[in-house]
Amino acid sequence: MPLSHSTDALNWFHLLAREKIITQSIRSYICEQNEISWDILRTDLIHPVCSGNKFFKLRYYLEEAISHGHKAVHTYGGAWSNHIVATAFAAQACGLQSTGYIRGEEPANWSQTLQDARSYGMNLVFLTRAEFDQQVSSTLHLPTSTLIPMGGYGKPGAKGASEILHYAAHQNYTHIFCAAGTGTMAAGLCQSAGSAQVWVVNVVGNNNPLTNNLLTAIQSLTPNATPTILNASFGGFAKSSPALIDFINRFYQQNSIPTDFVYTGRLMFAIEDLLHKKVLPKGSQILAIHSGGLQGNNSLKSGLLGF
Ligand SMILES: *Cc1c(COP(=O)(O)O)cnc(C)c1O
């Protein structure tokens, strides 16, 4: 019975999430001085590659594929995409085939991400940038395969991400912080945050090729959302800088929490910056979503990070 087998695979993953995710409190002078508590929801601990927000965003696309009787899913991403490798893993866990369309010519040496995606059975197709952009904007619909939009952007993605907060230690937070690329996770958090404010760290910058405008992207999934958006683009999407790398290393030394240089390192940097500037009121209770993405650090020169 492949169908119930596949549904079981999704339930099994949620059991794994329940077992692995913890809420970790940051103990620091800057929090004490501000009289603010700062917790981190460690969704990065779910799984080394299918971690963080990616599984949550994929869940309802996978259910859609299973309920339509499709045997496969297809999606889009770059050579270091967390979304690509997570899709490969999650599809395999549900007994579905997967195809990943990758932006750019096939490289002579495959990235770790692509090698991992292939090891999870993903069929990888390399497209030139022009072909890729054209296919993404025209959305390739196939009769027997479910399309998962790039980054999981869409209402099913946001619905899955709205469930992230179920795993938090309590529901009394005043501020939920997350990093955003497409804004899918942020849109989901806005649906389930209750009275907490959602603060979103845009890691892509103003000329966001994924969304053009992050707030519009979030509101087209969650119309009544009013998140506060901060910029932490550090010179552009997936660019590293010495200041960022120093921060990530110090944050790890102080808290034993590894972060990635594309998303979560910038998120924690932005929160610390707000604390230094005393922007948030006394008594605030912050929850920051550690949305995973650690595999992306493999694209950095080795030796830069102390973990
Ligand atoms: C993909 C990703 C994000 C961005 O999520 P969106 O829903 O696209 O905004 C944030 N953090 C990590 C670690 C990611 O891998």
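The values are calculated or read from the model by the stated rules, or taken from the named source; none is laboratory data. This one's a predicted model, so the numbers in the text were calculated from it and none came from an experiment. Counting neighbours? That spans all protein chains shown, and the Cβs are built from the backbone with ideal geometry, glycine included. The accessibility values were calculated without ligands, DNA or RNA, using every heavy atom of the protein model including side chains. Shrake-Rupley method; radii C 1.70, N 1.55, O 1.52, S 1.80 Å.
Filtering region 36-56 to residues that are assigned to a helix (DSSP H, G or I), within 12 Å of the ligand (Cβ to nearest atom) and farther than 20 Å from Gln191 by Cβ leaves only Asp44.
For region 175-196, the count of residues that are away from the ligand (no atom under 14 Å from the Cβ), free of Cβ contacts under 8 Å to residues at least 24 places away in the same chain, at negative phi and not hydroxyl-bearing (Ser, Thr, Tyr) is zero.
In summary, Leu165 fulfils each of the numbered conditions (1) in a helix (DSSP H, G or I); (2) at pLDDT below 95; (3) open to solvent by less than 30 Å² (accessible area, probe 1.4 Å) with the single exception of condition (2).
Cβ-Cβ contacts under 8 Å between residues 6 or more apart (or on different chains), taken from a first residue in region 70-87 that is touching a residue at least 24 places away in the same chain (Cβ under 8 Å) and more than 18 Å from Val49 (Cβ to Cβ) to a second residue that is assigned to a helix (DSSP H, G or I) and away from the ligand (no atom under 14 Å from the Cβ), are listed as Ala72/Ala65; Ala72/Ala91.
Does Ile66 qualify as being more than 16 Å from the ligand (Cβ to nearest atom), touching a helix residue (DSSP H, G or I) at 6+ places or on another chain (Cβ under 6 Å) and not assigned by TED's automatic domain parsing to the domain that holds Arg266?
On the way: more than 16 Å from the ligand (Cβ to nearest atom): yes; touching a helix residue (DSSP H, G or I) at 6+ places or on another chain (Cβ under 6 Å): yes; not assigned by TED's automatic domain parsing to the domain that holds Arg266: yes.
Answer is yes for this residue.
Quick check, is Ser240 more than 10 Å from the ligand (Cβ to nearest atom), closer than 24 Å to Gly77 by Cα and surrounded by 15 or more Cβ atoms within 10 Å (Cβ to Cβ)? Spelling it out, Ser240 is indeed more than 10 Å from the ligand (Cβ to nearest atom), closer than 24 Å to Gly77 by Cα and surrounded by 15 or more Cβ atoms within 10 Å (Cβ to Cβ). Got at least one residue in region 297-304 being surrounded by fewer than 17 Cβ atoms within 10 Å (Cβ to Cβ), touching a Pro at 6+ places or on another chain (Cβ under 8 Å) and not assigned by TED's automatic domain parsing to the domain that holds Ile36? No: zero hits.
Counting only helices (runs of 4 or more DSSP H) that sit wholly inside region 57-156, those with at least 2 residues that are surrounded by fewer than 19 Cβ atoms within 10 Å (Cβ to Cβ) are 112-119, 129-138. Scan region 268-275 and give yes if some residue there is open to solvent by less than 10 Å² (accessible area, probe 1.4 Å) and away from the ligand (no atom under 16 Å from the Cβ), otherwise no. So far as region 268-275 goes, yes, one or more of its residues are open to solvent by less than 10 Å² (accessible area, probe 1.4 Å) and away from the ligand (no atom under 16 Å from the Cβ). Kindly establish whether Tyr252 is among the aromatic types (Phe, Trp, Tyr), within 16 Å of the ligand (Cβ to nearest atom) and farther than 25 Å from Ala193 by Cβ. Answer is yes for this residue.
Residues that are more than 20 Å from Ile21 (Cα to Cα) and among the β-branched types (Val, Ile, Thr) are absent from region 42-61 altogether. Is it the case that Ala217 is modelled with pLDDT under 95, assigned by TED's automatic domain parsing to the domain that holds His166, within 11 Å of the ligand (Cβ to nearest atom) and part of a helix (DSSP H, G or I)? It is true that Ala217 is modelled with pLDDT under 95, assigned by TED's automatic domain parsing to the domain that holds His166, within 11 Å of the ligand (Cβ to nearest atom) and part of a helix (DSSP H, G or I). A single member of Gln134, Gln171, Gln112 is assigned by TED's automatic domain parsing to the domain that holds Glu63, at pLDDT below 95 and touching a Leu at 6+ places or on another chain (Cβ under 9 Å), and it is Gln134.
Only one residue in Asn255, Asn224 is open to solvent by 10 Å² or more (accessible area, probe 1.4 Å) and closer than 23 Å to Lys57 by Cα. Which one? Explain how you work it out, then say what you get.
Details: Asn255 fails: closer than 23 Å to Lys57 by Cα.
Exactly one of Asn255, Asn224 is open to solvent by 10 Å² or more (accessible area, probe 1.4 Å) and closer than 23 Å to Lys57 by Cα, namely Asn224.
In this entry, Phe307 passes the filter for residues that are outside the structural domain of Asn172 (by TED's automatic domain parsing) and either open to solvent by 50 Å² or more (accessible area, probe 1.4 Å) or in a helix (DSSP H, G or I) (or both).
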